[in-house]
Structures are given as C-alpha cells and as structure tokens.
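Have a look at the structure below, then the notes.
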Amino acid sequence: MINTGDDKINKIPATLIDGDGIGPEITEATINVLDALKAPFEWTRFKAGLAAMEESGDVLPKPMLDNIRETKLALKAPLTTPVGEGFRSATVRLREEFNLYANVRPAQTFIPGGRFEDIDLILIRENTEGLYVGVEHYIPVDGDPRAVASASGIMTRAGCKRIAEFTFDYALRHGRKKVTVVHKANILKKLTGLFLDTALEVGKPYADKLEIEERIVDNTAMQLVINPSQFDIILTSNMFGDILSDEIAGLIGGLGLAPGGNIGPDVAIFEAVHGSAPDIAGKGIANPTAMLLASAMMLEHVNEHDKAKQLRRTIRTVLNEDNVRTGDLGGSATTIEYAEAIIKRLS
Ligand code: NAI
Ligand code: MG
C-alpha cells in the first residue's frame with residue numbers, strides 16, 4: 001500500500017489498477033504527481049490484464065475486484081485486449097461487473113493553436129449495452145466453421161432511461177446548455193430507435209433548462225471535424241460513443257489528453273481513453289496526461305474540486321509556459337521528465 005497526501009487530512013481508500021503496455025509507466029508518473037498534489041487517496045495497488053494473467057490466471061484477479069467493491073473508487077491504467085480470438089476485454093468486463101453504465105469523456109483544449117480553439121465538450125456514452133454485449137457467433141456453411149459471423153446488439157428501455165437521466169442531470173449539475181442525442185435510428189430503427197425515443201422522453205422535463213436535439217451518428221462525425229463548438233454534451237450508445245470519443249480526442253491533440261470516468265450506481269472507475277499503446281511501451285515516452293486528467297475527474301468525484309483545478313492548471317502551465325511536452329504533442333520530454341516538471345510546479 002502506498003500512502004499519498006498529507007497525513008493530517010482524511011484519507012480516501014482507492015484502488016489502483018496498474019495495466020499493461022504503457023500502463024505501469026503512466027501509473028508511476030501519475031502517482032508521483034498526485035503525491036506532490038497531496039491528493040487524499042490511500043491506494044491499494046493491483047496488477048490486472050496480461051501481467052495478472054501470468055501471475056494468477058485471470059486478467060481481473062479476485063482480490064482486486066473485492067477491493068474495488070470495498071473502496072467503490074478506482075484509477076485504472078489501460079489493459080491490452082487481444083484482437084480476434086482470446087479473452088474478452090478486461091475493461092469491458094470491469095464495466096459489466098460493477099454496472100458502470102455511464103462513460104463520461106470530456107474533451108478540453110489544453111494546448112492553444114490547434115485546428116480549433118477552446119474546445120470544451122463532453123461525450124457521455126452508454127457503457128453496458130448495444131453492440132458491445134458480446135453476443136456473437138459463427139454459422140458454419142459447407143464445412144467452413146466461420147462462413148458467417150453474427151452479432152446481436154441489445155438495448156433495454158431501462159438501460160436507455162438511466163443513461164439519459166444521468167446525462168441530463170449531469171448537464172444541469174455542470175451548468176451545461178445543450179445535449180445532442182446521437183443515434184442511427186434511420187437504419188437501426190429498433191436498436192437505436194429505442195435509445196433515441198427514450199432519451200427524448202426522459203428529456204421532456206428538462207426542456208426549459210436545456211436545449212435538447214438529436215443527430216444521426218455519421219452526420220455528427222462530420223460536423224465534429226467541421227464545427228465542434230456547435231456541440232456541448234453528446235449522449236450516445238456504446239459503440240458510437242467509443243468511436244466518436246476517439247474522434248473528439250483527436251480534436252484536442254490526441255489520445256494523450258483524453259480522460260474518462262466509468263460511473264455506476266455504487267462504483268466509479270477513472271481511466272484514460274487510450275489503450276496500452278504497445279508500439280511505445282517500455283520506452284518511457286508515453287504521455288501520462290490523460291491518466292492525470294482522469295485523476296482530476298476522480299478528485300471532483302470525491303468533491304476535491306480545488307485539487308482538481310490545481311492539477312489541471314498546473315498541466316496547462318507545464319505544457320504551455322514551461323513547454324515541457326511528450327513526443328505525441330511534438331515535444332521531447334520523457335514520461336518522467338514531464339511528470340517531474342509538474343511536480344516542480346506543485347511544490
Ligand atoms: P492505443 O490507444 O493504445 O494507441 C493508439 C495510438 O495512440 C498508438 O500509436 C499509441 O502509441 C498512441 N498513444 C496512446 N496513448 C498514448 C499516450 N499516453 N502517450 C503517447 N501516445 C499514446 O490503441 P490501440 O493501439 O488500438 O490499442 C492497444 C491495446 O489497448 C489493445 O489491446 C486495446 O484493446 C487496448 N485498449 C484498452 C483500453 C482500456 O484499457 N481502456 C482502451 C483502448 C484500447
Ligand atoms: Mg475506445
């Protein structure tokens with residue numbers, strides 16, 4: 001167990017999930033920065049993913065799941081999922097295990113001078129239903145066992161209702177003005193039609209406080225790169241949210257700057273939007289900012305708003321005034337050098 005923060009303040013027990021690929025590198029950097037920030041978390045640290053598979057035979061070891069059940073709060077590094085055959089995504093399983101139905105992905109400009117200035121939009125993705133439920137099978141034809149592949153998407157009215165309620169409440173709590181419901185109900189009439197109809201129905205009592213509109217996903221994808229400022233909060237289903245949130249990350253300089261929170265009725269798990277980046281793992285050059293910004297969301301979740309603001313402010317200062325940046329942002333700093341620059345500003 002690692003103690004962080006000032007011993008005099010009340011500690012908040014939290015689970016730390018190490019991850020694969022660049023996971024351990026960005027986790028180390030993040031923990032050191034949170035220490036310097038005197039963040040009130042008391043961590044219990046676990047390996048998950050491939051490293052845990054080698055040690056305990058499961059990508060999600062039971063002691064880690066038990067710990068999350070106790071703390072109800074976790075910070076998670078990315079986990080590798082093999083493409084095609086092999087185990088199901090540990091990240092997806094975690095979302096199912098704790099019913100983390102809301103995935104909140106904010107995108108804010110941190111480095112001015114990009115294609116767009118002052119981007120500040122939030123994508124809220126339904127995290128447990130739709131085409132990602134994993135109901136897939138092959139149909140053999142003429143001796144070919146994989147002649148046909150079939151997948152089912154599953155949406156429930158209850159699932160659509162709770163994500164819509166979460167989103168409209170979130171919008172009001174955070175002083176937002178507009179929610180765009182993104183769907184493909186012109187083609188997937190039932191699957192995404194239920195999502196759209198339910199969201200609009202749930203939105204009715206909010207209509208005097210929020211502008212609520214709907215948009216088809218492909219048009220949204222184009223509009224996002226032409227004029228992102230027309231959006232404020234985007235509410236969408238699982239797969240569309242997965243794809244559009246990476247697109248939104250691209251608007252603000254890439255995945256290295258995009259955090260996310262997975263929120264359920266009891267448990268909240270914060271993480272970067274990006275994956276384990278095997279192409280740069282072990283080189284010490286990964287950008288830890290997304291995981292740091294996920295920690296800022298986690299601080300807000302436990303009502304440590306001042307610390308969250310201080311962290312974000314310091315990241316801006318280091319990126320733009322000190323000009324210390326990792327390679328993905330055009331700089332030459334290593335993960336550790338970048339973290340050190342933040343720590344220097346904090347102390
Ligand atoms: P990825 O997000 O890991 O990488 C995409 C590209 O962005 C790569 O070129 C990578 O080097 C770069 N990149 C990502 N994070 C970066 C960072 N912090 N600093 C600098 N560059 C960064 O996506 P990819 O390659 O599709 O997936 C790799 C693995 O990660 C797969 O096994 C995938 O299943 C898993 N994954 C896990 C997620 C999670 O645990 N939440 C989310 C997305 C993918
Ligand atoms: Mg994704």
Residues (closer than 11 Å to Gly130 by Cα, polar (S, T, N, Q) and within 16 Å of ligand 1 (Cβ to nearest atom)) located in region 231-249: Asn238
Lone unmet requirement of (1) outside the structural domain of Val92 (by TED's automatic domain parsing); (2) touching a Gly at 6+ places or on another chain (Cβ under 9 Å) for Thr220: (2)
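Collect the residues in region 312-347 that are open to solvent by less than 40 Å² (accessible area, probe 1.4 Å) and at pLDDT below 95, keeping them in residue-number order. Before you say what the answer is, go through the steps one by one.
Residues of region 312-347 that are open to solvent by less than 40 Å² (accessible area, probe 1.4 Å), as a first pass: 314-315, 317-319, 324, 326, 329, 331, 333, 335, 338-339, 341-343, 346.
Leu329 - this is the single residue of region 312-347 that is open to solvent by less than 40 Å² (accessible area, probe 1.4 Å) and at pLDDT below 95.
In region 33-47, which residue that is over 11 Å from Pro288 (Cα atoms) and part of a helix (DSSP H, G or I) is nearest to ligand 2 (Cβ to nearest atom)?
Start the filter on region 33-47 by keeping residues that are over 11 Å from Pro288 (Cα atoms), which leaves 34-47.
Remaining after also requiring part of a helix (DSSP H, G or I): 34-36.
Values: Leu34: 24, Asp35: 29, Ala36: 30 Å.
Ranking the candidates gives Leu34 first.
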Some residue of region 284-298 being within 16 Å of ligand 2 (Cβ to nearest atom), open to solvent by 30 Å² or more (accessible area, probe 1.4 Å) and more than 20 Å from Leu121 (Cβ to Cβ): no
Single residue of region 300-311 satisfying the filter (in contact (Cβ under 8 Å) with a residue 40 or more places away in the chain and closer than 13 Å to Val33 by Cα) that is surrounded by the most Cβ atoms within 10 Å (Cβ to Cβ): Leu311
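The values are calculated or read from the model by the stated rules, or taken from the named source; none is laboratory data. Source: prediction; values computed, not measured. Reconstructed Cβ throughout: ideal geometry from the backbone, glycine too, with neighbour counts over all protein chains shown. Protein only, heavy atoms only, side chains kept; ligands, DNA and RNA dropped before computing areas. Shrake-Rupley method; radii C 1.70, N 1.55, O 1.52, S 1.80 Å.
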